[in-house]
Every structure is written in C-alpha cells, then in structure tokens.
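Following: one structure in structure tokens, then a few remarks.
Coordinate-derived values only; no laboratory data. For clarity, every value in this text was computed on a predicted model and none was experimentally measured. Here Cβ is always computed from backbone atoms with ideal geometry, including for glycine, and neighbour counts include all displayed protein chains.
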Amino acid sequence: MSKIWLSSPHMGGTEQDFVNHAFVKNWIAPLGPNVNGFEEDIQRFSGAKHAAALSSGTAAIHLALDILGVQQGDYVLVQSFTFCASVNPIEYLGGRPVFIDSENETWNMCPRALREALAHFEQKGELAKVKVILPVHLYGTPTNMSEIMLIANEYNIPVVEDAAESLGATINKKHTGTFGSFGVYSFNGNKIITTSGGGALISDNEEQIKLARKLATQARDDAPHYQHSMVGYNYRMSNICAGIGRGQMEVLSNRVDQRRANFERYQNIFKKIGWEVSYQIERAGVYSNRWLSAFYFDPEIFGEKFREDLRLFLDELNIESRPLWKPMHLQPVYEHCIYFGGDNNAERIFDYGLCLPSGSNLREDEWVRIEAGILAFSNKMS
C-alpha cells in the first residue's frame, strides 16, 4: 500500500504559471516580481502592513530577535512545547532561552508560568535582560494572546509571534502574527501552504521591515559598489519559490477549510468508536487552522502505552503519524536552560499526544484506510 503522509504539499494549479513567468523573464534570482507580489499577497491576507519574504521561518525569527536587540547573555522567554526552530535563533545571537510551560486548554504558552518567570527575573534584578517574549501558535491553534499581550505591555517587553504553523488562524477575526511587534510564518513543505522552503516576517513597522530586508540581503549599503556597515545574512526568498507561494496563496482559504474538515472527521471517528480524546480548545472568538490534527490520549482512560501502540500499529499499515513536539527543556541541547514548569503540561501532553494524517490532499480511499486502521486498533485493544 502507498504511504499516507502526515502532511504533504498540495498544489493548487496556478503555481506553475508564476514559475514559468519567472523563467520567461529570466528572473531566476533571489529577488524579482514574484517576491514583491508574494509579500503583497501576505500583507493583504494577514492584514499586516508590511512583509518580508525570506528563506525560512527560522530566518524570520532570527531577524526579528536581531532587530529587537537580543545580544549575548540576554533572555528570551519562549514556549517550551514547540519545534527547535523557535529556539535556535536565540542561540545564534548569544541569547539565553528561558522556557515557559503550556496551558492545558491550548497547549500554548501559559500566562501564569510567564508571570512566574518575569517575577523571578524582577526579583533577581535582571528584568532589563529579558528582551523578548516568544509565544507559539502550536499546530495552528492560537495562543492566549490577550493575556500574553497584557503581560508583555505591563512589563514593556516586545512580543515575537511564532505563527509558523498558524497561517489563516484568527482571534476575533484578527490574524495570528499581527498582535506582537513581529509575526513569523513558515512555508516549509509540510505547512498549510508551501514555497518548498521559505518564510516571512510581518510587522506594522515599516522601518523595521525595511531593516529586515536589508539584513536579509547581506546588509548591503545603498552604494554603487558593494559596501557593508553591519553584518547581514543571506536570507531572501528566491523569485522561483515566491512564484510557488503566489499560486498557493490563491487556495489558502480552501486549505484551511480542508484541514479543519480533517479534524472534524477524526472527531466523528472517535465518537463512533467511543474514544474520549482531548485536543486543543478554541476559545470564544478563536479560529484554528488545524494545520495538524493533534490529539491527547489521557493515560487514565487509555493506558500508558496506548499512544505509542497506536502509532506503531498505523505505521505497520504504512500510515504516518507522529508524536507531538518534544518540549525544548527536555532536549539534550537545551536541558541546561531555565524552565518555568507551571503544571508540567508540556511534558504530559508530549508523552500522550499524537498527530494523525492531516494533509489537505487526503483522498477518500486514504480516509477509508485511516478509519479502518483506527477501528482495527480499537478492536484489538478492546
């Protein structure tokens, strides 16, 4: 049987037109009309005033932290329950990640644990070294931004939103990525739309996005020769990749609908077989893109080994599923960092959570296989 992937790319049909135009016009370069057009598309969709198309979401986080002045020894308070790309750029700049636990409802940054961390640094007289708060909208479900922004404004600390997984998600119809000083999107191959590899940095601050674009093109000065007054990076998106992105933007709203429909289909399957499965909650006014259909199998209901047994069972059927992100404070490379654990929700959810196939291009015959596999496992366990 062919592999059913967790989240594979899904082309809309017009991407090739934009790419062909780049070939015809010989815009096979890091910049060009598709890059400009893609940035405008992102701005129009998200409501952000300015956007810079970049080589990855990781690059976008790096630039945001650099522009906000993170330097050697500074602290960045970041969600522990996330992918390493949220954290590695802190290290690039010599900063120190400080990990914050998740709340139970959304699995995202816990406001109570965030306050605990800020009180800790205030008591130590190190509050001035806390330069950025970095929440993540995990699996496309928005974090509690009203509380996060309230705390950030109280302490006058800028917020960088890692919205890499949440393009198309909203809070009271305002898009994720547009609440803080900067927002970050990813267009990696497994994301809700893709440019094969790529990302974007968004902001309402025109000067900071201009600076981001300059830093992303090796910080070249405005001179007829190559002159550099600061250290830059090679982070700009290619005109070819941006062409793919332009075509993908045309179907983004449909992709969100399809991902949400996947999530609802799993809920119906679980209801049919009597599984009481938990998941990220959409608070009032919140609209998740459900990038990945992620579920928590309470060990008190299902047992300690249920999640892993289900994953291995599906793997035997050539159906890919994946454990949730391993929290950063448990990663060998970051185990020395400070962690404000709250209720240790991140560890618990990681231990018993699973992502199931979530592609917007899942066919009906693949759904038949997935449902049959889950049912067969249920029968085996009963």
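See the values below:
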read-out: Extent along principal axes [Cα atoms of segment 113-174; Å; largest to smallest]; value: 40, 19, 17
read-out: Hz values of 3J(HN,Hα) by residue in segment 179-192 - Karplus curve (6.51, -1.76, 1.60), Gly and Pro given as x; value: 8, x, 5, 9, x, 10, 10, 10, 10, 4, x, 9, 7, 5
read-out: Ranking of Ile349, Ile133, Ile269 by count of other Cβ atoms within 10 Å, fewest first; value: Ile269, Ile349, Ile133
read-out: Lysine pairs within segment 15-249, Cα separation less than 19 Å, 8 or more sequence positions apart or different chains; value: 4
read-out: Computed FRET value (nearest 0.05) for Lys380 with Ile338, which takes r as the C-beta separation and R₀ as 41 Å; value: 0.40
read-out: From the C-alpha gyration tensor of segment 1-104, square roots of 5λ in Å; value: 33, 21, 13
read-out: For segment 294-307, Karplus couplings with θ = phi - 60° (6.51, -1.76, 1.60), whole Hz, Gly/Pro x; value: 10, 9, 10, 9, 4, x, 6, 9, 9, x, 5, 9, 4, 4
read-out: Per-residue HN-Hα couplings for segment 13-21 [Karplus 6.51, -1.76, 1.60; θ = phi - 60°; Hz; x = Gly/Pro]; value: x, 9, 4, 4, 4, 5, 5, 4, 4
read-out: Cα centroid separation - segment 318-342 against segment 42-119, whole Å; value: 16
read-out: Debye log10 I(q)/I(0) at q = 0.10, 0.13 Å⁻¹ for segment 47-203, Cα point scatterers; value: -0.30, -0.52
read-out: Nitroxide proxy distance, nm - points 7 Å out along Cα→Cβ at Ser229 and Lys49; value: 2.3
read-out: Relative compactness, the chain, computed as alpha-carbon Rg over 2.2 N^0.38 Å; value: 1.00
read-out: Hits among aspartates and glutamates - C-alpha to C-alpha of Lys271 under 14 Å, sequence gap 8 or more where chains match; value: Glu371
read-out: Cut-off 18 Å (backbone N to label point 7 Å along Cα→Cβ of Asn172), residues of segment 39-53; value: 47-48
read-out: Residues listed by number, segment 340-377, amide nitrogen under 14 Å from Ala119 label point at 7 Å toward C-beta; value: 340-343
read-out: Cα extents of segment 305-357 along the three principal axes, largest first (Å); value: 41, 23, 18
read-out: DSSP-loop trypsin sites (Lys or Arg not before Pro) across segment 16-85, with at most 12 other Cβ within 10 angstrom; value: Lys25
